[in-house]
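A quick write-up on the structure given underneath.
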Ligand code: UGA
């Protein structure tokens, strides 16, 4: 089947490369000449484990190519996947300008039955809007069907998520389109992946409800962490104890500095806006957003309290991306903390394995270092903001010799408080009692008891 994927951003590239790997004949279209030129040489402009290899392999085998020329790509395709950006507008709703543009082009170049599939996360009603644009633009000469096929990929494990999903959601009212989509995903159906075929609006809502629910789990455990801090309880054990209940499950119950990235913040705001536009309120999601904001502020207070203020301090800052295995810093919870440190007069020595290039224009005054140890040199505290694997097993002896003050503020709970105390560190983490070395008097303030919490 000839497939056209419009938009060679994160979702478009992963979708195109994986569908090519399923044996489809895929053309990826993007307006950005430089990007298409680089992709045509096998150069993938984003960091995603395994993506460059998959792109290069499928290009070499003749199933994947890239172009800026949308018209012939539409004309040759039986299925057109729309994977363009839907950036948030100031009210939190998704900006559908690019989707409208693509739908208009499809209308102009419709030359036979085609299915038009939305992969981008789009609000309920977008499928209907696309259908209307194409029908008005193309008239009744050619038939087409609109399909919602939301993606559930996580950055950093997108290929794995595409190839081994928990489910595939196909939303369409057109039986021929549903059949074509089943055909596209036949390698997954053969591997017993559940395929849900439903209407367009239900499929659109599944995506928002899923991201909203996952964000809810995170905000929930972050509030529990705050209560743990007030009582000297351990959120890691609470999370484990909850997660062993099959009805709850262990995933997305990791307390931390609040969720970030290009999806959860945007999609939760959009979900609240969708409810609002429907004359309703999504109260739980509103609370999830509020908790996330409070959590991020609480992190700044936690670091400030542990340090006894920022002015004149030097901080080793480990992790800038919103999560590991990506260079993406969009809405990274690390950034407001870095901003507060800089504004408060601290010197920040930062290290991130992939995200420093993206951070440099935003924070030109940071000292960017070659690794975690260089970042820690002569510091009053080391702050861990992202759970990169290489920060999990630091040589603590080496670290302690490098720092000025053996204070570690770990916003990802990578270490055991008692073990860190035994290594001579004053260790502050999330929702757990502090680790305080016996030999050292308590040099800095105690737990951020209810600091930044809503009263
Ligand atoms: C998320 C969803 O997990 C994907 O299923 C979805 O397809 C994607 O959004 C999307 O809509 O495109 P992603 O944003 O890549 O994927 O990252 P996640 O791994 O879900 O993490 C999101 C944020 O939540 C990160 O800041 C992470 O640190 C935080 N998080 C996650 C926690 O704080 N605790 C957890 O237990 C899990």
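The values are calculated or read from the model by the stated rules, or taken from the named source; none is laboratory data. On a predicted model such as this, the values are computed, not experimentally measured, just so you know. So basically every Cβ, Gly included, is an ideal-geometry build from the backbone, and we count neighbours across all protein chains shown.
Listed values, structure above:
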read-out: In region 264-288, residue nearest to the ligand (Cβ to nearest atom) [restricted to those that are free of Cβ contacts under 8 Å to residues at least 40 places away in the same chain and more than 18 Å from residue 125 (Cα to Cα)]; value: 286
read-out: Hits in region 376-387 - residues which are touching a helix residue (DSSP H, G or I) at 6+ places or on another chain (Cβ under 9 Å) and more than 13 Å from residue 341 (Cβ to Cβ); value: 376, 377, 378, 384, 386
read-out: Those residues of region 315-345 which are in contact with a strand residue (DSSP E or B) (Cβ under 8 Å, 6 or more places away or on another chain) and surrounded by fewer than 21 Cβ atoms within 10 Å (Cβ to Cβ), in sequence order; value: 342
read-out: Residue within region 313-326 that is at pLDDT below 95 and within 13 Å of the ligand (Cβ to nearest atom) present; value: yes
read-out: Matching helices (runs of 4 or more DSSP H) fully within region 358-444 where at least 2 residues are without any contact (Cβ under 8 Å) to a residue 24 or more places away in the chain and surrounded by fewer than 19 Cβ atoms within 10 Å (Cβ to Cβ); value: 417-422
read-out: Among the residues listed as 258, 249, 241, the single one being surrounded by 17 or more Cβ atoms within 10 Å (Cβ to Cβ) and either more than 7 Å from the ligand (Cβ to nearest atom) or within 19 Å of residue 323 (Cα to Cα) (or both); value: 258
read-out: Residues of region 358-375 that turn out to be over 24 Å from the mean Cα position of the chain (by Cα) and either closer than 11 Å to residue 342 by Cα or not assigned by TED's automatic domain parsing to the domain that holds residue 316 (or both), as a count; value: 3
read-out: Long-range neighbours under 6 Å by Cβ, at least six apart or interchain, first residue assigned by TED's automatic domain parsing to the domain that holds residue 291 and within 16 Å of residue 296 (Cβ to Cβ) within region 243-263, second within 6 Å of the ligand (Cβ to nearest atom) and part of a loop (DSSP other than H, G, I, E, B); value: 260/322; 261/322
read-out: Residue in region 128-140 that is within 30 Å of the chain's Cα centre (by Cα), within 16 Å of the ligand (Cβ to nearest atom) and surrounded by 15 or more Cβ atoms within 10 Å (Cβ to Cβ) present; value: no
read-out: Strands (runs of 3 or more DSSP E) fully within region 124-230 counting 1 or more residues that are in contact (Cβ under 8 Å) with a residue 40 or more places away in the chain; value: 144-148, 168-171
